[in-house]
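Structure, as structure tokens:
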Amino acid sequence: MVRLPFRIFSACAATLLTAGCATTTGSVDIGDPQSGFTTVAMRSRAATGKTPVWVQSNAQAQALAEQVGRLVKSGPVEPDMAVQAALLNNKGLQAAYADIGLSAADVWQESLLVNPRMSVGIMTLDAVRTVEAAVVSNILALMTREKRVAVADARFRQAQLRAAEETMRLAADTRRAWVNAVAAQETVGLLGQAQVSAYAAAELARKLGETGAFSKTGQAREFVFNAELAGEAAQARLDARQTREELTRLMGLWGQDIAYKLPGRLPGLPKGVYARSAIEREALQQRVDLEMARLELEALAREYKLTEATRYLTDLELLTGVEVEREEEEDGETKNVATPRIEVEFVIPVFDTGKPRMRKAELAYMQAANRLAEKAVNVRSEARSAFDAYRSTYDIARHYRNSVVPLRKKIEEESVLTYNGMITNTFELLADTRARIEANIQALQARQSFWIADVNLGTAVHGGGAASSETVTASAADGGGGH
């Protein structure tokens, strides 16, 4: 039996160990299961004021679920409490965080050298035994390793920002849902007051009609108004249930936890509004989606360089080994003769010279550059539009609070005085009461629109998506019920 020299096996083993131990990963910490999440937590905390958690075990998930349960049962759920519950308990957000781990694994994978292939062959011919051993390594993969790691690292940073954006989007959606749910609940109460007034007017009209003191046309007007108001109140109750259910979904609640309480009314208007003279510059500096677009351009630029490096050679392998042959000498003795063997294998670029791949890489880069430029223009516009809506809705809500509602209240108070003095009749008094309630509903809708615009301003600056103007209008209309 022929044995390969020990130094041959030592060389082969050294090659394998070297290939297996090279695990430089740049910004990714292989030993940390939450590698990269610190960036997500910091960006999310800066935008939302709350800290997200990436759940890594069933025990941690159970502990967080219990924490959320205590949070929503501690009293009326305020907007910050709702956001914190969503960030801790929403399973869709946890699924989005998995992309960070997947991208980290990609960086890790690219940092590893390609496993070499080893072959050993034994051939016997005319009592002469030949043993061949070879190790095949991909030289091109080693040459382009740094570029591939750089591309994977850019994708990893993109995954971090995508996770942060999803966190901001969930926080913004939860705040909007909270505003809509509380506004819808408050609308139900206001319409209930209007129903009392409408029912009293309808009953009075019916009794006066029985005595002939009130016309049938007048009776019909009061009856139809009462009936229409009953329909609006029923729709408002449905809207309240639907908007509350949306908030429940975003917080990831189920079972007994859905029996949480909400405040009775929306917060009042702040004393003043933000003065953001440099809203566009702030958005350009803070927007997560704009930074992701920049990273996409960086990744494609690195991929372009990688394509350029492999334009002609798509595969290059080095075969190193030894051939051991037993030979017979003149004196009849035999000896082992080892012959080193080195081969290089590559593809000849006769038909495909790499031009199509270079062209595709170039077009992909130009496409990303144009999209980045478009995104920058859109971000500026969104920031201006969001701030304009924020400021305008504040002025409108303040107008209702300072002018319309006080005047309606004053008219009702004067009507009560003249009614007591037998100057104003009952129907006029009830009409003034209904008008005051309608003014309160309109003021509520204006306040709701302002708080939605406040959320949208935050997303316009930091990212996370913003509801369209149509959605805001529809939400305000659904939460209302004015007539």
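A few notes on this one:
- Global dimensions of the stretch 198-246 from alpha-carbon coordinates: Rg and Dmax equal 15.3, 51 Å.
- Cut-off 13 Å between beta-carbons: net charge of the residues surrounding E210, Lys and Arg +1, Asp and Glu -1: +2
- Sequence ranges 264-276, 227-239, 186-198, ranked by mean other-Cβ count within 10 angstrom, highest first: 186-198, 227-239, 264-276
- Calculated SAXS-style log₁₀ I(q)/I(0) at q = 0.16, 0.20 Å⁻¹ - the stretch 149-257, Debye, Cα scatterers: -0.82, -0.98
- Computing FRET efficiency as 1/(1 + (r/R0)^6) for A227 and D80, where r is the C-beta to C-beta distance and R0 is 56 Å, gives about 0.85.
- Counting only heavy atoms of the protein chains and using a 1.4 Å probe, S103 has close to 20 Å² of accessible surface.
The values are calculated or read from the model by the stated rules, or taken from the named source; none is laboratory data. On a predicted model such as this, the values are computed, not experimentally measured, just so you know. Using ideal geometry, Cβ is built from the backbone for each residue, glycine included, and neighbour counts are taken over all protein chains shown. Note: areas computed on protein heavy atoms with side chains; ligands, DNA, RNA excluded. Shrake-Rupley method; radii C 1.70, N 1.55, O 1.52, S 1.80 Å.
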